[in-house]
Amino acid sequence: MTTRAQALIPITIAAVIIGVIGLMTLPQDSKLESVEFPRGTILIDDIPLEVQIADSEPRRVRGLMFQDQLPFDQGMIFVFDDPGLYSLWMLNMQFSLDMIWFDQDGKVVHIEQDVPPCKTALEITTCQSIVPDGEAKYVLEVTSGFVKQNNITHDSLLTIISI
């Protein structure tokens, strides 16, 4: 008769081997090990923000994943080459966000407030993309509560100081 330990040892070894092989075969850009973000400064109305700049595909894919909550004077700006319908999701986020989409002239296209993170396995499988109401060239992610605290509306304006 097989003991419990005799049955579990081969299963555990197989699981470890499969896991290691799976990690080794991931494409390098999927591992998201060390993505560096340049920094810049923007204004929303007259409110200055220091932003991390996500202006390439690896940076946009990584976004704010795994980062700690940002102070209200910081954020991340996603910069796209051309205006379009760019959706975002909250995969591997550690805190809730407010998201603001801007057109190429800095006018607000769409605002989402208090978007919760997708951290657990169940949340990740049901994590939905947030799609804006119109085409945007920039998307700003800030800590949840920023929009309300600073009275950001569809009449607010993005001014780029340096990105």
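Computed values, structure above
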quantity: Cα gyration tensor, region 60-123 - rounded (a/c under 1.5), prolate or oblate; calculated: prolate
quantity: Label point distance in nm, Leu43-Phe72, each placed 7 Å from Cα along Cα→Cβ; calculated: 2.0 nm
quantity: Which of Phe66, Phe146 has the fewest Cβ neighbours within 10 Å, and the rest in rising order; calculated: Phe66, Phe146
quantity: Estimated vicinal HN-Hα couplings, Hz - region 84-98 in sequence order (Karplus 6.51, -1.76, 1.60; Gly, Pro = x); calculated: x, 8, 9, 9, 10, 9, 10, 4, 6, 7, 10, 7, 6, 10, 9
quantity: Potential lengthening between Leu85 and Gln104 on full extension [0.36 nm per residue; Cα-Cα distance subtracted]; calculated: 5.6 nm
quantity: Loop GluC sites (Glu not before Pro), region 27-109 (other Cβ atoms within 10 Å of the site Cβ: 14 or fewer; DSSP); calculated: Glu33, Glu36
quantity: Dipole of region 35-162 [Lys/Arg +1, Asp/Glu -1 at C-beta], most positive-end residue of Ile152, Ser96, Gly84; calculated: Ser96
quantity: Orientation-averaged projected area, Cα convex hull of region 35-162 (nm²); calculated: 7.1 nm²
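Only the coordinates and a few stated rules stand behind these numbers; no lab work does. None of the values given here were measured: they were computed from a predicted structure. So basically every Cβ, Gly included, is an ideal-geometry build from the backbone, and we count neighbours across all protein chains shown.
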